[in-house]
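None of the figures in this text is laboratory data; all of them are computed from the coordinates on show. These numbers were taken from a predicted model, which means no experiment stands behind them. FYI the Cβ positions are ideal-geometry reconstructions off the backbone, even for glycines, and counts take in every protein chain you see.
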Amino acid sequence: MSSMNEPIEGNWYELPSGEIFTVITVDEDEGIMEIQYADASIEEVELDNWDDLGVTPIDPPDEWSGSYEDFDDEDDNEDEDKEVDDDEFNFNPNDIEDK
């Protein structure tokens with residue numbers, strides 16, 4: 001790629017159409033990159049087409065929350081199924097033996 005404005009993973013860009021996106025991955029060996037638009041849609045773009053896109057680097061949008069498609073809700077609830085013995089957490093300093 002000869003452009004001084006090469007795609008950088010994690011950076012945001014704006015197309016002449018006004019659409020904004022972030023670069024998710026750049027695979028120079030394969031000659032492709034993945035971009036994610038603000039609406040969370042993902043597109044694969046050939047690196048050779050980067051200069052033709054006419055993008056402008058921009059700051060990340062203030063309200064960007066990212067995509068949660070890889071988020072597994074079960075990971076969050078992992079500890080909810082475990083039973084806890086309340087006595088296990090009761091501590092009485094008088095139970096300590098003097099040595």
| field | Failed item in (1) touching a residue at least 24 places away in the same chain (Cβ under 8 Å); (2) on the phi < 0 side of the Ramachandran plot; (3) out of contact with any strand residue (DSSP E or B) (no Cβ under 7 Å at 6 or more places or on another chain), with residue 17 passing the rest | value | (1)
| note | Scanning segment 25-54 for residues that are of a type in the set (Ser, Thr, Tyr), in contact with a strand residue (DSSP E or B) (Cβ under 6 Å, 6 or more places away or on another chain) and under 16 Å from residue 14 (Cα atoms) gives 37
